[in-house]
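Shown next, in structure tokens, is the structure this report addresses.
The values are calculated or read from the model by the stated rules, or taken from the named source; none is laboratory data. This structure is a prediction, so every number in the text was calculated from the model and none was measured. No Cβ is skipped: glycine too gets one built from the backbone with ideal geometry, and neighbour counts run over all protein chains shown. In case anyone asks, the SASA skips ligands and DNA or RNA and just uses the protein heavy atoms, side chains included. Shrake-Rupley method; radii C 1.70, N 1.55, O 1.52, S 1.80 Å.
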Protein chains: 2
Amino acid sequence: MSNNGKITTAFSMSLDGFVAGPNEDFQQLFAWMMGGDTDYALKIGENEHKLKISTESVKMYENAINTTGALVAGRRLYELTQGWGGHHPIGAPVIVVTHRPRPEWVQNDWPVTFVTDGLQSAIEQAREIAGGKSVAIASATIAQQCLNAGLLDEIHIDLVPFLLGDGVRLFEYLKVAPVALGDPHVSVGQGVTHLTYSIKK
Amino acid sequence: MSNNGKITTAFSMSLDGFVAGPNEDFQQLFAWMMGGDTDYALKIGENEHKLKISTESVKMYENAINTTGALVAGRRLYELTQGWGGHHPIGAPVIVVTHRPRPEWVQNDWPVTFVTDGLQSAIEQAREIAGGKSVAIASATIAQQCLNAGLLDEIHIDLVPFLLGDGVRLFEYLKVAPVALGDPHVSVGQGVTHLTYSIKK
């Protein structure tokens, strides 16, 4: 897949459409990352995340790491993950859309930019930082805003075999429906089905 | 796949989880039935439905026709489809869960049974009629009731590449979450991805 500066987004989603469970529970959504038969180490900064995933999921990660040039996140997600400890698992710099100053706990050598003048500006800066690679939207609310603004080119779903019943839906507050997508690129993992959809414009 | 009297359900569902669009629009949900490259005629009673689908979708239909012994539908769906003109496209007898008498327009030679003493009784009668083949639930509300009652064994989703934004969700009013599913059987059609999930019990 070519990735010419496109705007994409990726989420683990339950079959009933949730990207976070009730009480922000991610146990089922991320179970596939320890549910496969192949050891895989995501090395980020000084940290190493040891996963057990299928070889198909390894290919998916390698592709994401190679093609992602920048990530855009909301302030809430950035604080919830404590800035992913400084380095996002996908290994790309993070652009945080916010109205407030940089948190004090953010260290100077972390690859992060705080943008206070809106989504459009954040996307433009992310595109510049990505330098031809793709920009990945990490927060559901920002993905929804991009979808509504016609900015999103691709949606990647790691579809997990659970019904959560309640939580945070990925596709909510959609103002532009119906949205037609292309046929997905499908890859079957263990505990997950990877689906990559282009958005028709 | 073996089908030893199991209870299953099958729906065309948009990526954002809708099995009917706003205003009960099915245009996008059923687009794949005319969006493939292979002519396929569903012959039911005196009627013939001419579809254009992928060879993968043909296999899916043939499997459904061979393995389905009875269908269970709600009164609303049965009336909305005018009893599928007497014969459901899958070619199996229909059991209608209802509180009211048989509609006058239903003809005597149609393979349909009206059950007025509840869901459990309808499922039992459907199982008897199916004779070892599977029972397919055709209405979303009844599928939800079966799921909540622990009666459902399998969920088949024809996942279509659209975001509808609003309409009727397949997975709503779930009382038993989280529900763990098995890894799906995946088959990639044209304009549709067929996913068959077993329900873990």
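Observations on the structure shown:
- Residues being β-branched (Val, Ile, Thr) and under 23 Å from A:SER187 (Cα atoms) are entirely absent from segment A:105-116.
- Taking the numbered list (1) on the phi < 0 side of the Ramachandran plot; (2) more than 13 Å from chain A (Cβ to nearest Cβ) in turn, B:GLY131 passes all entries but (1).
- Restricted to segment A:22-100, the set of strands (runs of 3 or more DSSP E) holding at least 2 residues that are at pLDDT 95 or above and under 13 Å from the mean Cα position of the chain (by Cα) comprises A:68-74, A:94-97.
- Failed condition for B:THR196, given (1) assigned to a strand (DSSP E or B); (2) within 8 Å of another protein chain (Cβ to nearest Cβ): (2)
- Here segment A:142-151 is the region considered, the condition is being open to solvent by 30 Å² or more (accessible area, probe 1.4 Å) and assigned to a helix (DSSP H, G or I), and the residue that is nearest to the other protein chains (Cβ to nearest Cβ) is A:ASN148.
- Within segment A:22-55, being surrounded by 17 or more Cβ atoms within 10 Å (Cβ to Cβ), within 14 Å of another protein chain (Cβ to nearest Cβ) and out of contact with any Pro (no Cβ under 6 Å at 6 or more places or on another chain) holds for A:LEU29, A:TRP32, A:GLY35, A:GLY36, A:ILE53, A:SER54.
- Residue in segment A:177-189 that is nearest to A:ASP39 (Cα to Cα), counting only those that are assigned to a loop (DSSP other than H, G, I, E, B) and open to solvent by 60 Å² or more (accessible area, probe 1.4 Å): A:ASP183
- Residues located in segment A:110-141, provided they are hydrophobic (A, V, I, L, M, F, W, C), touching a residue at least 60 places away in the same chain (Cβ under 8 Å) and surrounded by fewer than 20 Cβ atoms within 10 Å (Cβ to Cβ): A:ILE129
- Tallying residues that are open to solvent by 50 Å² or more (accessible area, probe 1.4 Å) and under 19 Å from A:GLY5 (Cα atoms) within segment A:89-109 yields 1.
- Scanning segment B:153-193 for residues that are more than 27 Å from B:PRO22 (Cβ to Cβ) and either in contact (Cβ under 8 Å) with a residue 40 or more places away in the chain or more than 9 Å from chain A (Cβ to nearest Cβ) (or both) yields B:ASP153, B:GLU154, B:HIS185, B:SER187, B:VAL188.
- Residue list for segment B:66-88, restricted to those being among the β-branched types (Val, Ile, Thr) and open to solvent by 10 Å² or more (accessible area, probe 1.4 Å): B:THR67, B:THR68, B:THR81
- Residue count for segment B:152-171 under the criterion of being more than 25 Å from B:GLY191 (Cβ to Cβ) and either open to solvent by 30 Å² or more (accessible area, probe 1.4 Å) or in contact with a Phe, Trp or Tyr (Cβ under 6 Å, 6 or more places away or on another chain) (or both): the result is 1.
- Odd one out for B:VAL19 among (1) touching a Leu at 6+ places or on another chain (Cβ under 8 Å); (2) in a helix (DSSP H, G or I); (3) within 14 Å of chain A (Cβ to nearest Cβ): (2)
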